[in-house]
Amino acid sequence: MNPDYSSAPPPETKSQRLFFALWPPLELSRELYGVAGRVQEDEARRVPPENIHLTLAFLGSVKASFRQCAEQVAAAIRTGSFTLTLEQIGCWPKPGILWIGPRHTPEPLSRLVRELNAGLPACGYVPEERSYAAHLTLARKLRRCNKNLPIDPLIWEVRRFCLVQSHTHADGARYEIIRSWELNSAER
Ligand code: ATP
Ligand code: MG
């Protein structure tokens, strides 16, 4: 009721840590959490189901004008919805990450990432130089990579993408979906 306006910065100077992502339905995230439990060793830290996601583009800490621009870019995207088959378990030993992803990235997903990377530089975004690797991180602090375990493919019907705010806390990140856009169902 009585906010302290004297200490609150004007909106433009406030930054938010943002990224575009695909967010699985919680039911799928729970299955993925179960997969991580079967695959990883005990010391690794599993990503809690509500945090499991697939990053499309990481914007970093940005101001309000950047966010507005990014939302316009997102709203102009006409990519079609698609099916993502999660069937490949992998790990990156150096950062100690266990992930799951598709064996082949579907063209509409590549196109979605391409369109974001093409539109966002007008907002001040610097696209990643590394080639895009579609994945969902399932666990961190992995000491050994045991990725040859067979898993049943999990099917994900992807119909929207989201703009997400990352809140950093001492006990890990918390993510908040702040907007989402439907993918074009007519364009399959
Ligand atoms: P934490 O950094 O607290 O361990 P996190 O990495 O999950 O948690 P963020 O750093 O806010 O949280 O990142 C949000 C998402 O963006 C994650 O999927 C992360 O892998 C991805 N990401 C973070 N930094 C980059 C980057 N420089 N390039 C590409 N993706 C990134
Ligand atoms: Mg991070």
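The values are calculated or read from the model by the stated rules, or taken from the named source; none is laboratory data. Because the structure is a prediction, the values reported are computed rather than measured. FYI the Cβ positions are ideal-geometry reconstructions off the backbone, even for glycines, and counts take in every protein chain you see.
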query: Taking the range 1-26 as the region of interest, how many residues are more than 14 Å from ligand 1 (Cβ to nearest atom), modelled with pLDDT of 95 or more and touching a helix residue (DSSP H, G or I) at 6+ places or on another chain (Cβ under 9 Å)?
result: 1
query: Would the range 88-104 turn up any residue that is within 16 Å of ligand 1 (Cβ to nearest atom) and over 24 Å from GLU50 (Cβ atoms)?
result: yes
- request: Would you check which residues across the range 93-103 are surrounded by 13 or more Cβ atoms within 10 Å (Cβ to Cβ) and more than 17 Å from the chain's Cα centre (by Cα) and list them?
  value: GLY96
message: Looking only at residues that are within 23 Å of LEU109 (Cβ to Cβ) and touching a helix residue (DSSP H, G or I) at 6+ places or on another chain (Cβ under 6 Å) in the range 135-150, which one is surrounded by the most Cβ atoms within 10 Å (Cβ to Cβ)?
response: LEU138
task: Determine whether the range 32-47 contains at least one residue that is touching a Cys at 6+ places or on another chain (Cβ under 8 Å), within 28 Å of SER185 (Cβ to Cβ), buried (at least 17 other Cβ atoms within 10 Å of the Cβ) and at pLDDT 95 or above.
output: no
message: I need the full set of residues from the range 122-134 which are within 22 Å of CYS69 (Cα to Cα), out of contact with any helix residue (DSSP H, G or I) (no Cβ under 6 Å at 6 or more places or on another chain) and either within 15 Å of ligand 1 (Cβ to nearest atom) or in a loop (DSSP other than H, G, I, E, B) (or both), in order please.
response: TYR125, VAL126, GLU128, GLU129
- prompt: Taking the stated definitions as given, is LEU86 in contact (Cβ under 8 Å) with a residue 60 or more places away in the chain and touching a helix residue (DSSP H, G or I) at 6+ places or on another chain (Cβ under 7 Å)?
  reply: no
Residues located in the range 29-59, provided they are among the aromatic types (Phe, Trp, Tyr) and assigned to a strand (DSSP E or B): PHE58
task: Using the structure shown, decide if ARG174 is over 17 Å from VAL47 (Cβ atoms) and out of contact with any Pro (no Cβ under 6 Å at 6 or more places or on another chain).
output: no
field: Pair list, Cβ < 9 Å and 6+ apart or interchain, from the range 162-177 residues that are surrounded by 13 or more Cβ atoms within 10 Å (Cβ to Cβ) to residues that are among the acidic types (Asp, Glu)
entry: LEU163/GLU71; VAL164/GLU176; GLN165/GLU176; SER166/GLU176; ARG174/GLU50; TYR175/GLU50
